[in-house]
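Structure record follows, encoded as structure tokens.
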Amino acid sequence: MSEQPKLMTIGILKTPNDPRVCLLPKEVARITGELNLHVLFEPGLGSSLQIEDEEYTKAGATCMPRETVVKKSDTIVSINHTFSEVEMKGDCCFIGIFNPLFHDSKFATYKNHGATVYSLDLLPRTTLAQSMDVLSSMASLAGYRAILKSAEFYNGVFPMFTTAAGTLTPAKILVLGAGVAGLQAIATARRLGAVVEVFDVRKSAGEEVRSLGATFIEVEGYVESSNAGGYAVEQSEEYQQKQKELIHKHIQSANIIISTANIPGRKAPLLIETRSVQAMQPGSVIIDLAAEQGGNCELSKNKEVVNYKGVTIIGNSSLSAEIPAAASKLLSNNYFSFIKYMSKSENPEDILLSACKILDKGEWSHPHFTKQLQPA
């Protein structure tokens, strides 16, 4: 394995159609001050957050045209870098959030340019990597935002209302998946007074769900893997059928469904069939946070709002981008922690850096890709 790239000049780029910013002036000042690295940034980097370029220059960074930032930087950081019609220099290093196990085709250009690529969403969820964990940061905000967004579309109320004109019953919310996003959705919904039921294949999630005041729905027969890093793994067809039937039963009485179930590198599990949507009351809402990977709902369309027989289905895997100031604050800390860790590491086989390195000077380095290239 080759040595880790030496950080000298970091270029920060905007991501088209994404208002989040991966590094804010506060963390840029720490990069230039504490780490003694040069930082270049493109004009208007923080414009979506009303941050003037001057704030970055005061933090020690230099403003340059996008093309110049790319050419003069040995490391490019962004949320998800997109190549433009710019001549790329060789041996450049890219740090971002690429969801590479599902979107592997996007790496052809990086490979052809001999680039080194780190995708922070592949960092292992260990104590050492907590401060760099972009997935947990964004999932927590997505779960929170999912509840608020569902309230905008739902034609009822969340808490019980007792008035002289009568009583309104609380909203019944079904959360599918009790990971970081699901747990935040549960906590937010409970604060707003809703009744919450939760399904997760992992039996270990039950305790956390109950501690938040929600009811845990369990399907017997789940098989866990110690190598899954806390994520769900694919189950047998028999289990999946039992799972669908139980979920279908609970969906019929739900006003709102927040769906978060995902498996890294795989199509999202289908949990909400068309027949289940048909059984819901008009005015109900489904928020599908797994839409980017095919969706948990059979009728979901990524980045679209679908109305099916009075049920609103919102497919959006990037809800954190709808609260960009909060998202950017968390991302900026995550990115700084990673850059600091990377700049201090002297071990070419560092377990954290190796886990999230996709390409090493144009060659596949992540086990997911290297195994695919091995002869059967």
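The values are calculated or read from the model by the stated rules, or taken from the named source; none is laboratory data. Quantities reported herein were computed from a predicted structural model and do not represent experimental measurements. Here the Cβ is made from the backbone with ideal geometry for all residues, glycine too, and neighbour counts use every protein chain on show. We work out accessible area using only protein heavy atoms, side chains counted, and drop any ligands, DNA or RNA first. Shrake-Rupley method; radii C 1.70, N 1.55, O 1.52, S 1.80 Å.
In this structure, is S276 among the hydroxyl-bearing types (S, T, Y) and not in a helix (DSSP H, G or I)? Talk me through it step by step, then tell me what you get.
On the way: among the hydroxyl-bearing types (S, T, Y): yes; not in a helix (DSSP H, G or I): no.
Considered against the rule, which asks whether it is among the hydroxyl-bearing types (S, T, Y) and not in a helix (DSSP H, G or I), S276 comes out as no.
Please count how many residues of segment 277-333 are surrounded by 19 or more Cβ atoms within 10 Å (Cβ to Cβ), under 15 Å from Y154 (Cβ atoms) and among the polar types (S, T, N, Q).
Total meeting the criteria: 2.
Restricting to segment 111-156, name every residue that is small (G, A, S), more than 16 Å from the chain's Cα centre (by Cα) and over 30 Å from T370 (Cβ atoms).
Listed by number, the residues that qualify are S150, A151, G156.
Report whether or not G221 is modelled with pLDDT of 60 or more and open to solvent by 50 Å² or more (accessible area, probe 1.4 Å).
yes
Take segment 334-351 and flag every residue that is of a type outside the set (S, T, Y), surrounded by fewer than 21 Cβ atoms within 10 Å (Cβ to Cβ) and either over 23 Å from N36 (Cβ atoms) or at pLDDT 95 or above (or both).
K340, E349, I351 - these are the residues of segment 334-351 that are of a type outside the set (S, T, Y), surrounded by fewer than 21 Cβ atoms within 10 Å (Cβ to Cβ) and either over 23 Å from N36 (Cβ atoms) or at pLDDT 95 or above (or both).
Does T32 meet the test of being of a type in the set (S, T, Y), out of contact with any Gly (no Cβ under 9 Å at 6 or more places or on another chain) and at pLDDT 95 or above?
When the stated conditions are applied, T32 does not pass them.
Somewhere in segment 340-348, is a residue in contact (Cβ under 8 Å) with a residue 40 or more places away in the chain, in contact with a Lys or Arg (Cβ under 6 Å, 6 or more places away or on another chain) and part of a loop (DSSP other than H, G, I, E, B)?
Within segment 340-348, none of the residues are in contact (Cβ under 8 Å) with a residue 40 or more places away in the chain, in contact with a Lys or Arg (Cβ under 6 Å, 6 or more places away or on another chain) and part of a loop (DSSP other than H, G, I, E, B).
Let me spell it out: the conditions are (1) free of Cβ contacts under 8 Å to residues at least 12 places away in the same chain; (2) open to solvent by less than 10 Å² (accessible area, probe 1.4 Å), and K249 meets all of them except one. Which number is the exception?
(2)
Would you confirm whether or not segment 168-179 contains a residue that is part of a helix (DSSP H, G or I), under 23 Å from G213 (Cα atoms) and open to solvent by less than 10 Å² (accessible area, probe 1.4 Å)?
No, the conditions are met nowhere in segment 168-179.
Please indicate, with yes or no, whether at least one residue in segment 131-143 is assigned to a loop (DSSP other than H, G, I, E, B) and either open to solvent by less than 50 Å² (accessible area, probe 1.4 Å) or not charged (D, E, K, R) (or both). Spell out the reasoning first.
Filtering segment 131-143 down to residues assigned to a loop (DSSP other than H, G, I, E, B) leaves 133.
Pick out the ones that are also either open to solvent by less than 50 Å² (accessible area, probe 1.4 Å) or not charged (D, E, K, R) (or both) and you get 133.
The answer is yes; a qualifying residue exists.
Scan segment 353-363 for residues that are touching a helix residue (DSSP H, G or I) at 6+ places or on another chain (Cβ under 7 Å) and buried (at least 19 other Cβ atoms within 10 Å of the Cβ) and jot them down.
Initially, segment 353-363 is screened for residues touching a helix residue (DSSP H, G or I) at 6+ places or on another chain (Cβ under 7 Å), giving 353, 355-356, 358-359, 362.
Residues satisfying the conditions are C356, I358, L359.
Residue check: is V195 touching a helix residue (DSSP H, G or I) at 6+ places or on another chain (Cβ under 9 Å) and open to solvent by 50 Å² or more (accessible area, probe 1.4 Å)? It would help to see each step written out before you state the result.
Details: touching a helix residue (DSSP H, G or I) at 6+ places or on another chain (Cβ under 9 Å): yes; open to solvent by 50 Å² or more (accessible area, probe 1.4 Å): yes.
The answer is yes for V195.
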